[in-house]
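I have a structure I would like to understand better, so I am pasting it below and will then ask my questions one at a time.
The values are calculated or read from the model by the stated rules, or taken from the named source; none is laboratory data. Keep in mind the model is a prediction, meaning the values are calculated, not measured. Heads up, the Cβs are rebuilt from the backbone with ideal geometry, glycines too, and the neighbour counts pull from every protein chain shown.
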Amino acid sequence: MRLRRSGVVAGLVAGVSAVAIAVSATSASAAVGAFKARVLIGAKCLDGWTQTSSTGVTRGVMRCETTATGTELVLFTGNGTIYSKIRTGVKGIPVAFADDGTSYFALYEPESGRGAVMLLKRNHTTGVQTKITIRAATAATADDFLHSGALLVSGGKYWVAYTVNNGAILWGKTLTKQNLVPSLPATMPAVFGWQPSLARTGTGSVAMVIAQPPPFEAGIIVRYRTKADGTWIRYVVRSGGGGISPQISWSSGVTRISWLERTATGDYKVVYQDNATGSWVRTSVPGLPGGGWPRLRMFTSGGKLTFVYSGHAVGTRASEAQIVVTQRSGTTWSTTALSTSSYGNLLLGAGSAGGKTIVVFYPRYDPDLNRGVYSRRQA
């Protein structure tokens, strides 16, 4: 997306009529580079979220069982093969994670206080922890639950988007120097959607992509806020047909959007589009159909565009365990499936540094692995 003073509208909408220009992806011509053996990050842990920095450091949060206090949030950091963990003493269910190189940030729902949304911040060096209330629990929120969320930390500002009650309510709020700014334009109007993803553009604008709430899966929606006046702009990427787990990123003037789109067979395929040519071009990403608990991660590193998701072999649901990694380098596609369990894997996070992909996952229901959060790093 090429932005000027009014570039948010021009860059985002200029290619609307060109969205229908679809480019059929060629078959994957090679396998993605080999991955090292899986390593355990935390035993008896689940509900993890991660972020990998440009230097290859993977940090994240997970919910772990402890004999003394039940479950609590545990932060971790590592390079894909060796990890260290930090117990926080905080009880809750995490839905998003971010890191600015100085502090960990975990968005979570506390065990006490249904409907509350909290942000945990912990400094890397001092270990000082701060709890920030994004949404307070009240009598009116007693039946609510935090379904999904997204965090963005950039330029000393902190953005939070979260979904309550499976897509019934979505709010976006801005945190500036850890102080909640409740008034417009810092607060985005309420919209319907779930599984938000956030990105910062070159002009300082904020972009958020969301999926329309189930059971309809009505489409993929992008909303932008301009830096100048705080106006939020709505753009429909896909209308109808079903789409989940959208991702958005921005770099070098190009907006990249990807999502898992429902097919006629009830599976999901990865769809990608960008406006690098000045118009939106849509691509069907080669690889296995999405399945299981579908989540998607999209990122660029080392000149490669990478998609990571859970998928199963064509024509069968017996192998939903596989974590699928598909990459594009130039015009060449490659893909591989990391068969780590026959019981079903849940993707928790993925990132890359120097073209080496790091995948974090949860092999759910696998008695041989005794439940836990695992990692695999590309060799």
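Please indicate, with yes or no, whether at least one residue in the range 87-98 is more than 22 Å from the chain's Cα centre (by Cα), of a type in the set (S, T, N, Q), more than 17 Å from Y362 (Cα to Cα) and at pLDDT 90 or above.
Yes: one or more hits.
For the condition touching a residue at least 40 places away in the same chain (Cβ under 8 Å) and more than 21 Å from W194 (Cα to Cα), what is the one hit in S112, S154, S148?
S154
Looking only at strands (runs of 3 or more DSSP E) that fall completely inside the range 188-268, which ones have 2 or more residues that are over 25 Å from W49 (Cα atoms) and modelled with pLDDT of 70 or more?
232-239
Mind listing whichever residues of the range 49-91 are of a type in the set (K, R) and under 16 Å from Y104 (Cβ atoms)?
Within the range 49-91, R59, R63, K85, R87 meet the criteria.
How many residues are of a type in the set (S, T, Y), over 20 Å from L46 (Cα atoms) and at pLDDT 65 or above if we restrict to the range 302-347?
Total satisfying the criteria: 8.
Could you tell me which of the residues P286, P294 is at pLDDT 85 or above and either acidic (D, E) or not in a strand (DSSP E or B) (or both)?
Of P286, P294, the one residue that is at pLDDT 85 or above and either acidic (D, E) or not in a strand (DSSP E or B) (or both) is P286.
So that you can scan it fast, the table gives a plain yes or no per residue for (1) free of Cβ contacts under 8 Å to residues at least 60 places away in the same chain; (2) surrounded by 20 or more Cβ atoms within 10 Å (Cβ to Cβ); (3) over 21 Å from G56 (Cβ atoms):
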{"residue": "K91", "(1), (2), (3)": "yes, no, yes"}
{"residue": "V95", "(1), (2), (3)": "no, yes, yes"}
{"residue": "D100", "(1), (2), (3)": "yes, no, no"}
{"residue": "S103", "(1), (2), (3)": "yes, yes, no"}
{"residue": "V117", "(1), (2), (3)": "yes, yes, yes"}
{"residue": "I134", "(1), (2), (3)": "yes, no, yes"}
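Looking only at the range 80-89, decide whether some residue is within 17 Å of I358 (Cβ to Cβ) and without any contact (Cβ under 8 Å) to a residue 12 or more places away in the chain.
The answer is yes, given that some residue of the range 80-89 is within 17 Å of I358 (Cβ to Cβ) and without any contact (Cβ under 8 Å) to a residue 12 or more places away in the chain.
Related question: Residues Y162, Y158: which one is farther than 15 Å from P110 by Cα and either over 17 Å from the mean Cα position of the chain (by Cα) or part of a strand (DSSP E or B) (or both)?
Only one candidate passes the filter, namely Y158.
May I pose another question? Tell me which of these T126 doesn't satisfy, since it passes every other one: (1) surrounded by fewer than 20 Cβ atoms within 10 Å (Cβ to Cβ); (2) in contact (Cβ under 8 Å) with a residue 12 or more places away in the chain.
Unmet for T126, out of (1) surrounded by fewer than 20 Cβ atoms within 10 Å (Cβ to Cβ); (2) in contact (Cβ under 8 Å) with a residue 12 or more places away in the chain: (2).
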